[in-house]
1. Take the range 23-67 and flag every residue that is surrounded by 23 or more Cβ atoms within 10 Å (Cβ to Cβ) and more than 26 Å from Pro236 (Cβ to Cβ).
2. Has the range 196-204 got at least one residue that is touching a helix residue (DSSP H, G or I) at 6+ places or on another chain (Cβ under 9 Å), without any contact (Cβ under 8 Å) to a residue 12 or more places away in the chain and exposed (fewer than 15 other Cβ atoms within 10 Å of the Cβ)?
3. Within the range 227-237, how many residues are surrounded by 15 or more Cβ atoms within 10 Å (Cβ to Cβ) and either more than 25 Å from Val35 (Cα to Cα) or over 20 Å from the mean Cα position of the chain (by Cα) (or both)?
4. Among the candidates Pro156, Pro166, single out the residue that is farther than 23 Å from Ala71 by Cβ, of a type outside the set (Ser, Thr, Tyr) and touching a residue at least 60 places away in the same chain (Cβ under 8 Å).
5. Across the range 54-74, what is the total count of residues that are free of Cβ contacts under 8 Å to residues at least 60 places away in the same chain and either basic (Lys, Arg) or closer than 20 Å to Ala117 by Cβ (or both)?
6. Pick from Leu49, Leu76: which is touching a helix residue (DSSP H, G or I) at 6+ places or on another chain (Cβ under 7 Å), farther than 29 Å from Ala177 by Cα and at pLDDT 90 or above?
7. Applying the selection to the range 214-226, what residues are surrounded by fewer than 13 Cβ atoms within 10 Å (Cβ to Cβ) and over 14 Å from Gly148 (Cβ atoms)?
8. Please determine whether any residue of the range 66-74 is of a type outside the set (S, T, N, Q) and part of a strand (DSSP E or B).
Amino acid sequence: MTESDDLLPGSLRRSMHLYRAMRTPQAPATLRRLVAADSAAHIAQFHSLDGQVVLDVGAISGYLAEAVRAAGARFLGVSFPGTPSAAAVTHGSGPVATPAERGEPAAPPIPDVVLGAPTALPVHSGAVDVCYSADVLQQVGDPEHMAGEMVRVTRPGGLVFLCFVPWYSRSGGLETAPWHYFGGQYAARRYERTRGSVPANRFGENLFAVSVSRMMHWAHGRGDLASVQLVPRYYPSWATWVAHVPGLRELAVRNVALVLRVR
């Protein structure tokens, strides 16, 4: 096995490598590039990217575009104005700030990205081969509608790869965690009281409680999906069983991927 193979999704070394990177202080751009490359590799385990059209729902930087293009795919993106980067706070880097405010270089520009709404994607039905979204679902008040839009724009036989942060996981409150266990509003008030500023992700405004069971119920209730898989986003393959235990998965999995094959 080569070092590259050892870092593929499912390997223990890859999981340790990612968690170490998330815990180690570094430029957010470095972490985002690493996670984007891992995302492309993870998608490719379910659906080849070569020659495919990949749509990033909630595109916030050019790093995923770089990764999927390197794998031979064409990239498209839909960005939502005013939505903070959940990825930044999910990985423990604190409230979201612009690259200039952080004193770091700006992320690479993203060609082929349009503005839109998560519940009304400006994309024709069946237009893409792979529809991907990371850490946006919990920022939408109607997550089933957004997920349904992702299914709509994906061709039959195509893949939907939808990652989100379960509310009852220890990261569920994003930068207000772990106080979200006492309620989203309480966690937001405590954050403001102790930090002197409002959280970028405000419960009831751009942060909502989304559970794994809720989204699995939605997926299994549809007739246009050929298969439904639930994958712990950063776990090694031998630990995927955690995602199949109701209750436990809500608490133990900080980030899940709902992998849907469109019928």
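The values are calculated or read from the model by the stated rules, or taken from the named source; none is laboratory data. In this text, all values refer to a predicted model and were calculated from it rather than measured experimentally. Heads up, the Cβs are rebuilt from the backbone with ideal geometry, glycines too, and the neighbour counts pull from every protein chain shown.
1. Matches in the range 23-67: Leu55, Val57, Gly58, Ala59, Ile60, Ser61, Ala65.
2. So the first thing to find is which residues in the range 196-204 are touching a helix residue (DSSP H, G or I) at 6+ places or on another chain (Cβ under 9 Å), and the list is 197-204.
Right, trim to without any contact (Cβ under 8 Å) to a residue 12 or more places away in the chain and you get 198.
Now drop any that are not exposed (fewer than 15 other Cβ atoms within 10 Å of the Cβ), which leaves 198.
Within the range 196-204, one or more residues are touching a helix residue (DSSP H, G or I) at 6+ places or on another chain (Cβ under 9 Å), without any contact (Cβ under 8 Å) to a residue 12 or more places away in the chain and exposed (fewer than 15 other Cβ atoms within 10 Å of the Cβ).
3. Residues in the range 227-237 being surrounded by 15 or more Cβ atoms within 10 Å (Cβ to Cβ) and either more than 25 Å from Val35 (Cα to Cα) or over 20 Å from the mean Cα position of the chain (by Cα) (or both): 0 in total.
4. Values: Pro156 fails: farther than 23 Å from Ala71 by Cβ.
Sole residue among the options that is farther than 23 Å from Ala71 by Cβ, of a type outside the set (Ser, Thr, Tyr) and touching a residue at least 60 places away in the same chain (Cβ under 8 Å): Pro166.
5. 5
6. Among Leu49, Leu76, only Leu49 is touching a helix residue (DSSP H, G or I) at 6+ places or on another chain (Cβ under 7 Å), farther than 29 Å from Ala177 by Cα and at pLDDT 90 or above.
7. Filtering the range 214-226 down to residues surrounded by fewer than 13 Cβ atoms within 10 Å (Cβ to Cβ) leaves 217, 220-221, 223-224, 226.
Hit for the range 214-226 is Ala226, nothing else.
8. To start, the set of residues in the range 66-74 that are of a type outside the set (S, T, N, Q) comprises 66-74.
Now restrict to residues that are part of a strand (DSSP E or B): 74.
Within the range 66-74, one or more residues are of a type outside the set (S, T, N, Q) and part of a strand (DSSP E or B).
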